[in-house]
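The structure under discussion appears below in the form of C-alpha cells.
The values are calculated or read from the model by the stated rules, or taken from the named source; none is laboratory data. Being a predicted model, the structure only gives us computed values, none of them experimental. Cβ coordinates were reconstructed from backbone atoms using ideal geometry, including for glycine residues, and neighbour counts include every protein chain displayed. Note: areas computed on protein heavy atoms with side chains; ligands, DNA, RNA excluded. Shrake-Rupley method; radii C 1.70, N 1.55, O 1.52, S 1.80 Å.
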Amino acid sequence: MIKIGYGAGHGYHTPGKRSPDGEREWSFNNKVARAFANELALYKGVITKRFDDPTGETDVPLIVRTNGANSWGADYYISFHHNALSGRWGTHTGVETYTFTYPSPQSVALANAIHPAVVKAYGLTNRGIKRANLHIVRETEMPSILIEGGFMDSTIDIVKLRNDEILANVGKSV
C-alpha cells in the first residue's frame, strides 16, 4: 500500500493569498488537489489523505500538517500552491517545484518525476526544480515536494488558472 499525503496550500481566508482581482489561491489549489485525489482513487494499492482543511475555512497550521503526515506514515507528501510575485499584474510566468534546501535523494527523484508533467499540463514556462527552507518540505519525514503552479498575478498564467479543465489536468498529471 502506498500512502500519499497532500494539501491545498493556504486556507481560503489566508491574508494576501489572492490575485490582483481578489481570486483566492486556495480556490486554484483546491481544484488541483481534488483532481489529484480523484485520479489516485482509481488506483489499487494507493491511498491518499488530505492534511489541510478541504473546506478552506481553516488555515491548518503547517506543524499540524507535517505532524499529521508523519504520524500517518505517508510514503510521499505533495503540497499544491500557486505563486505571486508583486501582487500587481505583470508578465512573469512559470511553474516551479520545490524540495528542501538539503533534500533526500528520494525527494529529488519525486520532483524530477512529477515536475515535467506539471509544466506540460499547465502549458507554462518551466522555472525548474528549486530548493528552499520551506516548513512543509523540511519537516515531513517522507519524500516531499511543493508545487508552485504559475503566478496568480501574471496576465499570462492567470488565463490558465481560471481554466478548470487545465487545473483538473494538472491534478491528474501529478
Close pairs from the range 88-107: first on the phi > 0 side of the Ramachandran plot, partner in a loop (DSSP other than H, G, I, E, B) and at pLDDT 95 or above, Cβ under 9 Å, at least 6 apart = Gly94/Leu124; Gly94/Thr125; Gly94/Ile156
Please enumerate the residues belonging to the range 128-174 that are among the charged types (D, E, K, R), under 20 Å from Arg34 (Cα atoms) and surrounded by fewer than 18 Cβ atoms within 10 Å (Cβ to Cβ).
-> Arg162, Asp164, Glu165, Lys172
Looking at the range 66-111, which of the residues that are crowded, with 20+ Cβ neighbours inside 10 Å and in contact with a His (Cβ under 8 Å, 6 or more places away or on another chain) is nearest to Gly5 (Cα to Cα)?
-> Thr66
Enumerate the strands (runs of 3 or more DSSP E) found wholly within the range 57-168, keeping only those where 1 or more residues are among the acidic types (Asp, Glu) and touching a strand residue (DSSP E or B) at 6+ places or on another chain (Cβ under 7 Å).
-> 95-100, 144-151
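Quick grid of which residues meet (1) modelled with pLDDT of 95 or more; (2) open to solvent by 70 Å² or more (accessible area, probe 1.4 Å); (3) in a loop (DSSP other than H, G, I, E, B); (4) polar (S, T, N, Q):
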| position | (1), (2), (3), (4) |
| --- | --- |
| Thr14 | no, no, yes, yes |
| Asp21 | yes, yes, yes, no |
| Trp26 | yes, no, no, no |
| Asn29 | yes, no, no, yes |
| Ala33 | yes, no, no, no |
| Phe36 | yes, no, no, no |
| Tyr43 | yes, yes, yes, no |
| Lys49 | yes, yes, no, no |
| Pro54 | yes, yes, yes, no |
